[in-house]
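Q: Just passing along the structure, written as structure tokens.
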Amino acid sequence: MQPLSFGRWEHWMLASAVVMGLAALAWRLWDGSRAWRQRHHRIDTARSRSGTLAMPLQGGNASAMASPPAPPPAAARPGPHSALYDNPHPTLRIQYTDIYGQASDRVITVERLDLYRQVIVARGTGREDLRTLSIGRIRIARDAGTGAHFSLGQWIDRMRSRQAGTAHDA
């Protein structure tokens with residue numbers, strides 16, 4: 001076995017410096033792409049919360065931004081069960097997909113609708129059975145008393161217009 005010469009030692013140091021430089025460059029590229037993904041995720045979340053796909057630009061038409069959006073036509077149309085859709089705390093039988101991907105069937109009483117997080121806070125049949133259910137995971141909703149189809153979209157529009165009406169009155 002030959003002892004390491006000075007020339008070989010320099011080659012190993014140069015190779016390790018190149019490897020460290022490539023690792024630092026890879027880390028910088030990965031971190032930049034992660035920040036870019038987070039930024040675009042926040043923009044997409046803000047767009048979905050606002051209900052529009054276009055973000056308002058600074059310096060845009062201020063008068064158009066000041067007027068509230070008109071309520072959707074489905075919320076203004078009275079249906080056969082319009083009294084049910086005016087109830088902020090309906091009792092529903094829902095079929096939804098839980099966080100583990102399993103289909104579940106449950107009777108709930110809506111406690112609160114959180115439009116910001118797109119969830120329904122509901123009480124189940126048990127006394128301490130308080131759950132937070134994502135609106136997107138609910139597949140079918142029916143009135144627990146009559147079994148009639150319950151349109152979550154129409155109910156959410158009614159609650160949204162009711163909240164907008166109380167905000168303008170105050």
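The values are calculated or read from the model by the stated rules, or taken from the named source; none is laboratory data. Quantities reported herein were computed from a predicted structural model and do not represent experimental measurements. Virtual Cβ from ideal backbone geometry, glycine too; neighbours counted across all protein chains shown. For accessibility, only protein heavy atoms count, side chains too; no ligands or nucleic acids. Shrake-Rupley method; radii C 1.70, N 1.55, O 1.52, S 1.80 Å.
Q: Would you pick out the residues in the range 122-142 that are in contact with a Lys or Arg (Cβ under 8 Å, 6 or more places away or on another chain), under 9 Å from I94 (Cβ atoms) and open to solvent by less than 70 Å² (accessible area, probe 1.4 Å)?
A: A122, A141
Residue-wise test of (1) touching a residue at least 24 places away in the same chain (Cβ under 8 Å); (2) in contact with a strand residue (DSSP E or B) (Cβ under 8 Å, 6 or more places away or on another chain).
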| site | (1), (2) |
| --- | --- |
| Q102 | no, no |
| T109 | no, yes |
| Y116 | yes, no |
| E128 | no, no |
| I135 | no, yes |
| I138 | yes, yes |
| A144 | yes, yes |
| R162 | yes, no |
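Q: Taking the range 143-170 as the search range and keeping residues that are surrounded by 15 or more Cβ atoms within 10 Å (Cβ to Cβ) and among the hydrophobic types (A, V, I, L, M, F, W, C), which one is farthest from the chain's Cα centre (by Cα)?
A: A144
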